[in-house]
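Right, one structure below, let's go through it.
The values are calculated or read from the model by the stated rules, or taken from the named source; none is laboratory data. Given the structure is predicted, the values throughout are model-derived calculations rather than measurements. All Cβ positions, even for glycine, are placed from backbone atoms using ideal geometry, and neighbour counts span all protein chains on display. Please note that ligands, DNA and RNA were not included when accessible areas were found on the heavy atoms of the full protein model with its side chains. Shrake-Rupley method; radii C 1.70, N 1.55, O 1.52, S 1.80 Å.
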Amino acid sequence: MTFGEQPAYLRVAGDLRKKIVDGRLPPHTRLPSQARIREEYGVSDTVALEARKVLMAEGLVEGRSGSGTYVRERPVPRRVARSGFRPERGATPFRQEQADGDVRGTWESSSEQTDARGAVAERLEVEPGDRVMRTRYLFREAGEPMMLSTSWEPLSLTGRTPVMLPEEGPLGGMGVVERMRAIDVIVDNVTEEVGARPGLAEELVLLGGVPGHVVLVIQRTYYASGRPVETADVVIPADRYRVAYHLPVK
């Protein structure tokens, strides 16, 4: 193979991908069988199989038990608007994660105490094994799962205070900034790092995805005078949503 030449399975996958994108293979159409691909492209069964695997990993096709492989309906991506640090009062967890004021949503959550480990301990600048409050969220828009979030707060800061449980008590469900303000901790900065990876099986079950789908992961950390007071992993289906940032110019 010369420099720059694609392997055969990628060339076949690329041609089939083009047919899907330009509508020659519309949604719900059965993908050509492995034998048909082998004959049409003059390749081996192995190459035909690998080409189909590529399209499946990209989320363009899906297997249906006992029926074959079909072109998936491609959703039109919607926007998840983010604007960094939002100090306004009354910011709910949904508004904290989705800054678009025109979007309305609901969330489910559960909290439990656990030990800080690995990257979480590093992000919160605590010792491994220090106790933290972990809260898991499932956000819905118009009833459809759209986003997951797992947050961690150091109990050395919030333990035995009215805001120890993010979703309970007098300020339950009011968002990090306002809850911290209630215990005289003033959030003044936030950082977000955005990456992508294949979704974990348990994430895709909750978000309604299929194995192999890619998710966007936003690692967010709130700070008060340089001290991390909360960190979270926000997980968003990459095929259904785009993350849009609105950052003020100072």
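Tabulated data for the structure shown
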item	result
Antiparallel DSSP beta bridges within the chain, as percent of all bridges there, nearest 5	90 percent
Prolate/oblate/rounded label for segment 1-78 (Cα gyration tensor, a/c 1.5)	oblate
Total charge dipole magnitude, segment 103-250, about the Cα centre, Cβ charges on Lys, Arg, Asp, Glu only, Debye to nearest 20	280 debye
Sparsely packed trypsin sites (Lys or Arg not before Pro) within segment 137-223, loop by DSSP, other Cβ within 10 Å at most 15	Arg160
Point-charge dipole on Cβ atoms (K/R +1, D/E -1) for segment 1-79, about Cα centre, debye to 20	420 debye
Within the chain, longest stretch clear of exposed GluC sites (Glu not before Pro) (DSSP loop, no more than 10 other Cβ within 10 Å)	89-250
Magnitude of the charge dipole, the chain, Cβ model with Lys/Arg +1 and Asp/Glu -1, debye to 20	800 debye
Carbon plus sulfur fraction of accessible area for the chain, probe 1.4 Å, in percent	53 percent
Solvent-accessible area of Ser110 with every protein chain in place, 1.4 Å probe, in Å² to the nearest 10	70 Å²
Spatial separation of Cα centroids for segment 178-250 and segment 95-160, in angstrom	9 Å
Semi-axis lengths, Å, the chain, gyration tensor of Cα atoms, sqrt of 5 times eigenvalues	44, 18, 17
Local electrostatic count at Glu112 - Lys and Arg +1, Asp and Glu -1, tallied over other residues with Cβ under 9 Å	+2
Helix-only CD estimate at 222 nm, as mean residue ellipticity for the chain, using -39500 (n - 2.57) per DSSP H run (n ≥ 4)	-7000 deg cm²/dmol
Per-peptide average of other Cβ atoms within 10 Å, ordering 26-32, 170-176 highest first	170-176, 26-32
Environment charge at Thr161 (Cβ cut-off 11 Å; Lys +1, Arg +1, Asp -1, Glu -1)	0
